[in-house]
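Data first, discussion second: the structure below is written as structure tokens.
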Amino acid sequence: MTPPIRRLVVEGAHVATVDAHDTEHAGGHVVVDGSRIVAVGPGPAPAWCTAGLTPPGPAAGSAPGPGGPASEPAGPNAAPIAVERVDGRGHLLTPGLVNTHHHLYQWLTRGIAQDSILFDWLVALYPTWARIDEPLVEAGAAAAIAVLARSGCTTVGDHHYVFPAGAGDLVGGIVRAAATVGVRLHATRGSMDLGRSRGGLPPDFAVETTDAALRASQEAVARFHDPSGDARVQIAIAPCSPFSVTPDLLREAAVLGRQLGVRLHTHGSETVEEDAFCLERFGRTPTQYLEDLGWLGDDVWMAHCVHLDDHAIGRFAATGTGVAHCPSSNGRLAAGIAPIASLLRAGAPVGLGVDGAASNESGQLGTEIRQAVLFGRLRSGADAFSVRQGLRLATIGGARVLGRDADLGSIEVGKLADLALWRVDGVEFAGIADPVAALGLASIPPLARLWVGGDAVVADGELVHADQGLLAEGAARASAELRARV
């Protein structure tokens, strides 16, 4: 017997599609067949959706095509359609959130160097990070991803750049952690080859050779990267930063990434100390230096970008270089407030990131929407950054930064069904005039459901595929073991 097609019908929710027109439907519907969206619109779902009939023409949405039938029964050899209906009344339905920058292993080192700026914080933590191994990284990543999922995140971008000798398959551990929870993963094979003895920030025992980093990057792409539109795992190449990587590694990594057809990621312009480092060592601003090495382009995204001048903003926009905005981490480390409103006006791609959990102990992506709105207003004015701009950063903006906006980031017919259903009928939000403001200005709403490709990953705030208690215990043990190694 042919297995049934899974159809999901959500009705009655306030649907924020985050499409090109920011279309919203109060009391709308979304219908999913398998992994993709087949209907979106106002009011209840059409009868064909709940009657087990096929959609009205190829990806025609809720309305029948001109002159065509509204629906038709499945043919004698077609798979039956099993319909699951979800009552969305009192809920906000958004695209699943997209995290564009994280360091998942840092879940094991939260609460350390609490009052430090970036460089001092890194120096304090490098000795601990240099003692990670595969089991510890997998345990930390699984817990961090669980927290991301429970805050509405369906796609996790991770920047892993610490690879101690003999530590095992660290990228493989992160891939397994994402599969355990059930989210999409944009992992990077990061690297550092500029130790302290050569003028870099990390200690020599925490870095690799240039050739070893390039070989390992190529191997990670060959093992794990899936270029397809519905990929669960993609890999980017990601030398860490101008103060921990040689020009040779940056230059050759950019060449390698483009030969392999994968994206490139690094940190850029995070602090005034980084600006001073680049000016003193290279005679260039971070943006000028990275552009000289091939690191601007629509296949590149950079984390933070707090200290961009007008010239840099123009170059990011002209080249399509993406930005991962991490407001909570920037505040925790006193790095500054990124010029996000200016970047958006210029047309640069911008998404949201949690950043490493050791510089953002919350680890939630949903809360970063509010942080982005508040930080944006502090920098540019109360009317310069709306809650819907914040939601766009967390969804279609992040999808664009990761090169996935054709399939992810908005609720539109034909896109993958990565969806977050937020409960906004509780006492925290009773009577709120705008459901989107519940997410962008109030406290993060409880997450009723999270779907990745139509598959439920979170239900009523609990993980569906993994035991939260076991993940917490594993992370606590791994953290204690890591601290004992120092």
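The values are calculated or read from the model by the stated rules, or taken from the named source; none is laboratory data. What you see is a predicted model, and the numbers here were worked out from it, not measured in a lab. So basically every Cβ, Gly included, is an ideal-geometry build from the backbone, and we count neighbours across all protein chains shown. Just so you know, the surface numbers come from the protein's heavy atoms only, side chains and all, with ligands and any DNA or RNA stripped out. Shrake-Rupley method; radii C 1.70, N 1.55, O 1.52, S 1.80 Å.
For the stretch 260-296, the set of residues classified as open to solvent by 60 Å² or more (accessible area, probe 1.4 Å), more than 27 Å from the chain's Cα centre (by Cα) and of a type in the set (A, V, I, L, M, F, W, C) consists of Leu279 only.
Glu428 meets the conditions (1) assigned to a strand (DSSP E or B); (2) more than 17 Å from the chain's Cα centre (by Cα) in every case but one. The failed one is (1).
Just one of Ala216, Ala220, Ala231 is within 25 Å of Arg150 (Cα to Cα), open to solvent by less than 30 Å² (accessible area, probe 1.4 Å) and of a type in the set (Gly, Ala, Ser); which is it? Walk me through how you get there before you give the answer.
Working: Ala216 fails: within 25 Å of Arg150 (Cα to Cα); Ala220 fails: within 25 Å of Arg150 (Cα to Cα).
Answer to the check: Ala231.
Screening Ala47 against (1) modelled with pLDDT of 95 or more; (2) open to solvent by 10 Å² or more (accessible area, probe 1.4 Å) leaves a single unmet condition, (1).
Evaluation of Val306 against the conditions (1) under 24 Å from Met192 (Cα atoms); (2) at pLDDT 95 or above; (3) of a type in the set (A, V, I, L, M); (4) more than 19 Å from the chain's Cα centre (by Cα) shows that the sole unmet condition is (4). Looking across the stretch 149-167, just one residue is surrounded by fewer than 24 Cβ atoms within 10 Å (Cβ to Cβ) and aromatic (Phe, Trp, Tyr), and that is Phe163.
Residues in the stretch 338-362 that are in contact (Cβ under 8 Å) with a residue 40 or more places away in the chain, assigned to a helix (DSSP H, G or I) and open to solvent by less than 30 Å² (accessible area, probe 1.4 Å): Ile340, Ala341.
Of all the strands (runs of 3 or more DSSP E) wholly in the stretch 77-152, which have at least 3 residues that are in contact with a Phe, Trp or Tyr (Cβ under 9 Å, 6 or more places away or on another chain)? Write out each step before concluding.
Details: elements: 81-87, 91-95, 97-99.
The strands (runs of 3 or more DSSP E) meeting that bar are 91-95.
The set of residues in the stretch 444-486 that are free of Cβ contacts under 8 Å to residues at least 40 places away in the same chain and either touching a Phe, Trp or Tyr at 6+ places or on another chain (Cβ under 8 Å) or farther than 16 Å from Ala143 by Cβ (or both) comprises Pro446, Ala456, Ala459, Asp460, Ala484.
All conditions in (1) among the acidic types (Asp, Glu); (2) farther than 18 Å from Ala338 by Cα; (3) in contact with a Leu (Cβ under 8 Å, 6 or more places away or on another chain) hold for Glu273, with the sole exception of (2).
If you check Gly397, Gly440, Gly414, which single one turns out to be in contact with a Lys or Arg (Cβ under 8 Å, 6 or more places away or on another chain) and more than 30 Å from Ile112 (Cα to Cα)? Talk me through it step by step, then tell me what you get.
Numbers: Gly397 fails: in contact with a Lys or Arg (Cβ under 8 Å, 6 or more places away or on another chain); Gly440 fails: more than 30 Å from Ile112 (Cα to Cα).
Answer to the check: Gly414.
Checking the stretch 297-320 against the condition returns no match, with no residue being acidic (Asp, Glu) and crowded, with 24+ Cβ neighbours inside 10 Å. For the stretch 363-418, residues that are assigned to a loop (DSSP other than H, G, I, E, B), out of contact with any strand residue (DSSP E or B) (no Cβ under 9 Å at 6 or more places or on another chain), at pLDDT 95 or above and surrounded by fewer than 23 Cβ atoms within 10 Å (Cβ to Cβ) total 3. Number of residues in the stretch 106-117 that are in contact (Cβ under 8 Å) with a residue 12 or more places away in the chain and open to solvent by 10 Å² or more (accessible area, probe 1.4 Å): the value is 7.
Beta carbons closer than 8 Å, at least 6 apart along the sequence or on distinct chains, pair a first residue in the stretch 148-171 that is on the phi > 0 side of the Ramachandran plot and touching a residue at least 24 places away in the same chain (Cβ under 8 Å) with a second that is outside any loop (DSSP other than H, G, I, E, B) and among the hydroxyl-bearing types (Ser, Thr, Tyr) for Gly152/Thr94. Summed over the stretch 103-126, the residues that are more than 22 Å from Glu138 (Cα to Cα) and touching a helix residue (DSSP H, G or I) at 6+ places or on another chain (Cβ under 6 Å) give a count of 2. Taking the stretch 172-188, which residues are open to solvent by 10 Å² or more (accessible area, probe 1.4 Å) and closer than 16 Å to Leu136 by Cα? If the condition is that a residue be open to solvent by 10 Å² or more (accessible area, probe 1.4 Å) and closer than 16 Å to Leu136 by Cα, then Val175, Arg176, Thr180 are the ones that fit.
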